[in-house]
Amino acid sequence: MNKSILLGRLTKVPEIRYSQSTNTKVALFTLAVNRKYVKEGEERQTDFINIISYWILADFAEKY
């Protein structure tokens, strides 16, 4: 299983939904992550990453 750890800022409050078939909690949000390296003479760039989390992670996103 692959694992990645992203450190960034939320762009807005996570949107909580429930799946239609299994009634599973789903959290949708966007994370703004600054790039670590900056080319000389350029400004720091930010990547916006769309995140979808399910079950316990969706509960965590909703609370915190």
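Nothing in this text is a laboratory measurement; each read-out follows from the coordinates by a stated rule. Not measured: the values here are computed from a predicted model. Glycine gets a Cβ as well: all are built from the backbone with ideal geometry, and neighbour counts include every protein chain shown.
Contact map, the range 53-64: residues that are surrounded by 11 or more Cβ atoms within 10 Å (Cβ to Cβ) paired with residues that are in a helix (DSSP H, G or I), Cβ distance under 6 Å, separation 6+ or inter-chain. Pairs shown: 53/61.
Every residue in the range 4-23 that is surrounded by fewer than 12 Cβ atoms within 10 Å (Cβ to Cβ), without any contact (Cβ under 8 Å) to a residue 40 or more places away in the chain and among the hydrophobic types (A, V, I, L, M, F, W, C), please. Passing the criteria: 5, 7, 13.
In this structure, residue 13 does not qualify as farther than 19 Å from residue 63 by Cα and among the hydrophobic types (A, V, I, L, M, F, W, C).
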